[in-house]
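Below: the structure, in structure tokens.
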Amino acid sequence: MKERLVIIGNGMASLRFLERLTERAPGRYDVTVVGAEPRAAYNRVLLSSLLGGEVDEAACAFRGLDWYEAHGIRLITGAPVTQIDRENALVVVGETHVLPFDKLVLAVGSVPIRLPKAGMDLPGVLTFRDLADVAAIREAAVAHAKAIVIGGGLLGLEAAVGLARLGIDTTLLHVMDRLMERQLDHAAAGLVKRAMEARGVRVLLRADTASVEGDGRVERLVLSDGSVLPADLVVLSVGVRPNVALAQAAGLATARGITVDDRMQTSDTRIYALGECAEHRGVVYGLVEPAYEQAETLSRHLVGEAAAYPGTSLATSLKVSGLPVFSAGAIEAPEGAETIVLSDPGLGLYRKLIIADDRLIGAVFVGDIAEQGWCKELIRGGAPIAGHRDDLMFGRQTPSPPAPQPLAA
């Protein structure tokens with residue numbers, strides 16, 4: 001009989017794992033996937049485009065139900081798992097339905113953080129994490145509404161841009177002194193702020209929320225300095241935390257996330273975890289690329305191949321209000337490192353290279369990110385860059401075509 005493989009979670013990490021597993025060993029496992037959302041996996045990267053009306057929900061879909069059926073995968077949607085019974089190797093779905101397993105994969109993602117401030121439970125205070133959130137925000141964002149987005153990380157910027165595209169009066173609050181402070185230095189963040197403002201988003205930095213107030217619904221937001229901002233809608237995008245509740249209840253080892261080794265194995269040798277819920281070597285990743293690399297490793301391990309996940313050197317590549325942005329490695333030079341900067345604010349162009357011992361250890365690009373793949377490879381691989389500095393800063397030059405030769409007499 002085939003081993004019974006149950007996967008809890010049907011997000012992007014789960015689907016990538018399924019794709020790789022079925023490519024490597026079609027039909028090897030009896031596979032069941034359980035997802036809490038009422039639909040198959042979809043592209044969360046497109047949520048801001050969906051919010052702003054640039055794409056429809058169908059454009060966010062990855063695989064149709066026919067794909068799961070064709071690969072012999074049972075997909076259960078809209079069904080939260082309530083318990084993992086390790087002693088009897090059962091997954092409890094809802095109150096009574098049980099699924100036996102020989103191997104179990106937890107791909108349960110993360111949950112959005114709500115600020116521990118007064119008024120965060122008022123109607124009209126929403127998170128921005130999934131399709132249901134997008135639907136709720138669009139419903140609340142009526143004509144002439146005033147929206148406030150709290151959080152200047154990637155998701156906060158995306159939510160604010162999406163609301164601005166709807167024609168909503170939108171303000172973005174960030175408690176730090178620059179946007180995306182984990183990925184961008186001050187100069188790059190300044191260009192991003194300018195791009196946001198050009199799209200109609202008011203940006204307030206060093207803005208600490210004290211409370212949200214209103215009589216039965218959101219009416220205003222109060223900052224810690226006493227400033228009052230009128231608001232009909234508040235969108236929280238202040239980070240996420242790994243979803244560890246099921247794992248903790250089952251007695252699995254957890255820290256910030258579900259702790260895993262290089263094979264993505266938890267403290268129970270039958271159970272694995274990947275994606276935003278997993279903690280590997282003390283690191284919890286909240287991005288798609290590490291989740292995909294973990295899915296690759298786990299799929300190889302479960303078909304008997306030697307595979308180990310070494311961790312991911314993070315890189316960010318995105319468009320903020322149409323402005324391309326790339327960041328990888330260090331964003332500020334450590335002692336003894338060299339910094340090379342090209343800046344043209346008028347064109348919205350910024351390039352910063354951080355070099356140590358003739359190796360690229362960090363790069364921040366805004367406006368033109370054509371060399372992002374090469375830079376990411378150099379940062380991760382550590383190859384010497386002698387002779388490449390001009391190419392990294394100004395782009396690799398394409399050779400000019402040969403001059404036409406005169407016709408023979």
For this session: Quick one: residue 244 ticks every box in (1) free of Cβ contacts under 8 Å to residues at least 24 places away in the same chain; (2) surrounded by 20 or more Cβ atoms within 10 Å (Cβ to Cβ); (3) in the same structural domain as residue 9 (by TED's automatic domain parsing); (4) of a type in the set (A, V, I, L, M) except a single one, so which number is it?
Result: (1)
Exercise. How many of the residues making up the stretch 289-320 are surrounded by fewer than 21 Cβ atoms within 10 Å (Cβ to Cβ), touching a residue at least 40 places away in the same chain (Cβ under 8 Å) and more than 15 Å from the chain's Cα centre (by Cα)?
Worked result: 7
Seminar exercise, completed: Heads up, the strands (runs of 3 or more DSSP E) in the stretch 220-272 (entirely inside) with at least 1 residues that are touching an Asp or Glu at 6+ places or on another chain (Cβ under 6 Å) and polar (S, T, N, Q) are 258-260
For this session: Could you tell me whether residue 203 is hydrophobic (A, V, I, L, M, F, W, C), surrounded by fewer than 24 Cβ atoms within 10 Å (Cβ to Cβ) and either closer than 22 Å to residue 116 by Cα or touching a strand residue (DSSP E or B) at 6+ places or on another chain (Cβ under 9 Å) (or both)?
Result: yes
Exercise. Being assigned to a strand (DSSP E or B), of a type outside the set (Ser, Thr, Tyr), within 20 Å of the chain's Cα centre (by Cα) and more than 22 Å from residue 248 (Cβ to Cβ), is that true of even one residue in the stretch 59-73?
Worked result: yes
Problem set entry | Residue check, residue 177 in contact with a Leu (Cβ under 6 Å, 6 or more places away or on another chain), assigned to a loop (DSSP other than H, G, I, E, B) and either at negative phi or touching a residue at least 24 places away in the same chain (Cβ under 8 Å) (or both) | yes
Problem set entry | Unique residue being crowded, with 18+ Cβ neighbours inside 10 Å and either of a type in the set (Asp, Glu) or modelled with pLDDT of 95 or more (or both) when the list is 282, 286, 275 | 275
Exercise. So which residues in the stretch 196-233 are more than 22 Å from residue 321 (Cβ to Cβ) and among the charged types (D, E, K, R), if there are any at all?
Worked result: 208, 213, 215, 217, 219, 220, 225, 232
Problem set entry | Complete set of residues in the stretch 23-45 that are surrounded by 15 or more Cβ atoms within 10 Å (Cβ to Cβ), out of contact with any helix residue (DSSP H, G or I) (no Cβ under 9 Å at 6 or more places or on another chain) and more than 15 Å from residue 108 (Cα to Cα) | 30
For this session: Examine the stretch 73-94 for a residue that is touching a strand residue (DSSP E or B) at 6+ places or on another chain (Cβ under 8 Å), farther than 27 Å from residue 247 by Cα and of a type in the set (A, V, I, L, M, F, W, C), and state whether such a residue exists.
Result: no
Exercise. From the list 159, 189, 147, which one is surrounded by 24 or more Cβ atoms within 10 Å (Cβ to Cβ) and not in a helix (DSSP H, G or I)?
Worked result: 147
Problem set entry | Verdict on residue 48 being at pLDDT below 95, surrounded by 22 or more Cβ atoms within 10 Å (Cβ to Cβ) and not aromatic (Phe, Trp, Tyr) | yes
Exercise. For residues in the stretch 94-113 being within 25 Å of residue 279 (Cβ to Cβ) and among the β-branched types (Val, Ile, Thr), which is surrounded by the most Cβ atoms within 10 Å (Cβ to Cβ)?
Worked result: 108
Problem set entry | Selection status of residue 108, hydrophobic (A, V, I, L, M, F, W, C), in contact with a Leu (Cβ under 9 Å, 6 or more places away or on another chain) and assigned to a strand (DSSP E or B) | no
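The values are calculated or read from the model by the stated rules, or taken from the named source; none is laboratory data. Please read these numbers as outputs of a predicted model, since none were measured by experiment. For neighbour counting, all protein chains shown are included, and Cβ atoms are generated from backbone atoms with ideal geometry for every residue, glycine included.
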